[in-house]
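Here the structure is laid out as structure tokens; the discussion comes afterwards.
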Amino acid sequence: MALDIFKRLQTYFEPLVFIAVGVWGAILVLLEIVTFQKGPKDIVSQRKLIDRIFGKVWLRIDKMIAVRELETNLPTLINKAYGTVLEIGPGSGNQLPRYDVSKIDRIYGVEPNLNLHDALRATIKQNGLSDVYTIVPCGVEDSTKLADYGIRAGSVDTVTSVQVLCSVPQPAEMARELYRLLKPGGQMVVYEHVESEDLLSRWVQVLYTTVWPYAAGNCHLNRPTGKYLLEAGSWSTIDLETPKEEDAWMLFPRVLGRLVKWGAGGAK
Ligand SMILES: C[S@@+](CC[C@H](N)C(=O)[O-])C[C@H]1O[C@@H](n2cnc3c(N)ncnc32)[C@H](O)[C@@H]1O
């Protein structure tokens, strides 16, 4: 019991470390702006400021996060991607080494944060994906821009979403839109952190979410993303791992797995 309380407290303080890194990122961005080194106009756009801060933070911690993910089933899941792939929010490209290129026709990486594009381009090159990977510079909610790249209803074999649905606007609507983009038999591969099942932890998540989005690129801790995905449409396969029991009170419980859209077609 005492151990449980200790673990809980430890978990509840963890986001403070990230917020501190976010404050450091904000100071760097403000210094760049006031000394006219880069993008003084960004100061009038909250979104651009949040993206720049997130760019600084993410490029410091992305490799560490990729190593942590090796303890999960995520690399195996990404390896199942095939055909036309829509990777939402690729960031600096942590998932790229995990794709099996022999099964892929094209990957569209929809990344709105321009501060991450240089790193993403470098990762594409390092992994020999230059011929198949296209960066789409917009939010995944921008369906007009996606259509310019041929990403329309029923055009995608695989959607990959790794820690992104926490940051998109209107996530329930977004889940329905991703379902619409999938071909019948197409699959959605997800690894997302979600709302906690524990009441106290949910309150803590809500509390953190008052400041967390500013430090973490508009990320929200308290989204029931698994539910949004399940309700997005009819799935023929639902292979989602729900958070383990000991995760119930954690601030970052995960939903991890694969959903297959109802209909003919499917993996090559
Ligand atoms: C925590 S990072 C995850 C990066 C990457 N998926 C990975 O596995 O390393 C979240 C990413 O989602 C992106 N993102 C935020 N809002 C988005 C949106 N509306 N559409 C697409 N991507 C978005 C961010 O720019 C960022 O690159």
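One line per residue, one yes/no per condition, for (1) within 22 Å of Pro213 (Cβ to Cβ); (2) at pLDDT 90 or above; (3) surrounded by 12 or more Cβ atoms within 10 Å (Cβ to Cβ):
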{"site": "Asp42", "(1), (2), (3)": "yes, no, yes"}
{"site": "Asp51", "(1), (2), (3)": "yes, yes, yes"}
{"site": "Val57", "(1), (2), (3)": "yes, yes, yes"}
{"site": "Met64", "(1), (2), (3)": "yes, yes, no"}
{"site": "Leu70", "(1), (2), (3)": "no, yes, no"}
On the given criteria, is Val156 within 21 Å of Val194 (Cα to Cα) and either within 10 Å of the ligand (Cβ to nearest atom) or in contact with a Ser or Thr (Cβ under 7 Å, 6 or more places away or on another chain) (or both)?
no
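If you check Glu173 against the conditions, is it surrounded by fewer than 16 Cβ atoms within 10 Å (Cβ to Cβ), assigned to a helix (DSSP H, G or I) and of a type in the set (D, E, K, R)?
On the way: surrounded by fewer than 16 Cβ atoms within 10 Å (Cβ to Cβ): yes; assigned to a helix (DSSP H, G or I): yes; of a type in the set (D, E, K, R): yes.
Answer is yes for this residue.
Could you pull out the residue among Gly185, Gly257, Gly226 that is surrounded by fewer than 17 Cβ atoms within 10 Å (Cβ to Cβ) and in contact with a strand residue (DSSP E or B) (Cβ under 9 Å, 6 or more places away or on another chain)? Step through it out loud before you land on a result.
Details: Gly257 fails: surrounded by fewer than 17 Cβ atoms within 10 Å (Cβ to Cβ); Gly226 fails: surrounded by fewer than 17 Cβ atoms within 10 Å (Cβ to Cβ).
The match here is Gly185.
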Scan (1) outside any loop (DSSP other than H, G, I, E, B); (2) out of contact with any strand residue (DSSP E or B) (no Cβ under 6 Å at 6 or more places or on another chain); (3) in contact (Cβ under 8 Å) with a residue 40 or more places away in the chain for the single condition Thr158 breaks and write down its number.
(2)
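The values are calculated or read from the model by the stated rules, or taken from the named source; none is laboratory data. Just so it is clear, the model here is predicted, and its values are computed rather than measured. Positions of Cβ are generated from backbone atoms using ideal geometry, with glycine treated the same way; all protein chains shown enter the neighbour counts.
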